[in-house]
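Nothing in this text is a laboratory measurement; each read-out follows from the coordinates by a stated rule. Bear in mind that the values here come from a model prediction, so they are computed numbers and not experimental data. Ideal geometry is used to build each Cβ from the backbone, glycine not excepted, and the neighbour counts take in all protein chains shown.
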Amino acid sequence: MSASGQTLYANVFVIAVCALFLLGSVSCRRTRNALAGDGEDGRPLASVINVADAATTVQLIRGFYPADGNPWRWSRSTFAVVLRPPSGAAKDGARLEMKFSYPESVFHREGQMKLSAKVGRQELPAEVYSMPGEYTFTRDVSAATLSSDAVAIEFTSDKKLVMDDQRELALIPLSIGLVSKGLGSK
């Protein structure tokens, strides 16, 4: 390779590394801000979010695809959000509620799905869904887990479709929230 070719290669490499660093720093800053209890615009985090709402995108930490103008968005098999515990949760605990759709397209290829969640360090019991449809995953969360201003919540599905473009589609989360135990949906 000529000297000018080596220089061009080195310049492209440096530009690529810088671009990756900048993308990573934006993502890290978003995660740090969210876990600190505020969004990128300084507004406090919500306890309950509509996953497709652009106003709460800062609370989607990883594993979500863009809504692309739809009133919903797909998730990967592992995805995470950050939420503000509701008032009194540090004393009484709270209830985690995720409304979601288990699409027929995933069910017909993969069968029943096992969904689990982890709130902070607290592992919550998994649940098995044996048919496609809309569901609410509901679990109690201990008060000790909810003592900070923000808590990370990770969901894991044991089923996914890997598309031709390598996207991994698992389910469609609609809303995710931490609610006071007396206020949850039935």
Q | Charge context of Ser75, other residues only, Cβ under 10 angstrom, K/R +1, D/E -1 | A | +3
Q. What is the distance, in nm, between label points placed 7 Å from the Cα along the Cα-to-Cβ direction at Asp164 and at Asp53?
A. 3.7
Q: Could you order peptides 147-153, 161-167, 104-110 by the average number of other Cβ atoms within 10 Å of their residues, highest first?
A: 147-153, 104-110, 161-167
Q) Alpha carbon centre of the range 121-186 versus the range 43-76: separation in Å? A) 14
Q.
Suppose the chain between Glu104 and Asp68 were pulled fully straight at 0.36 nm per residue; how much longer would it get relative to their current alpha carbon spacing?
A. 10.9 nm
Q: Excluding Ala144 itself, calculate the net charge of residues whose Cβ lies under 11 Å from the Cβ of Ala144, where each Lys or Arg counts +1 and each Asp or Glu counts -1.
A: +2
(Q) With bins 5 Å wide starting at 0, give me the P(r) of the range 72-186 over every alpha carbon pair, in whole percents. (A) 2, 12, 23, 23, 16, 12, 7, 4, 1, 0
(Q) Need one number: nm distance between label points at Asp149 and Arg121, each 7 Å from Cα along Cα→Cβ, rounded to one decimal. (A) 2.2
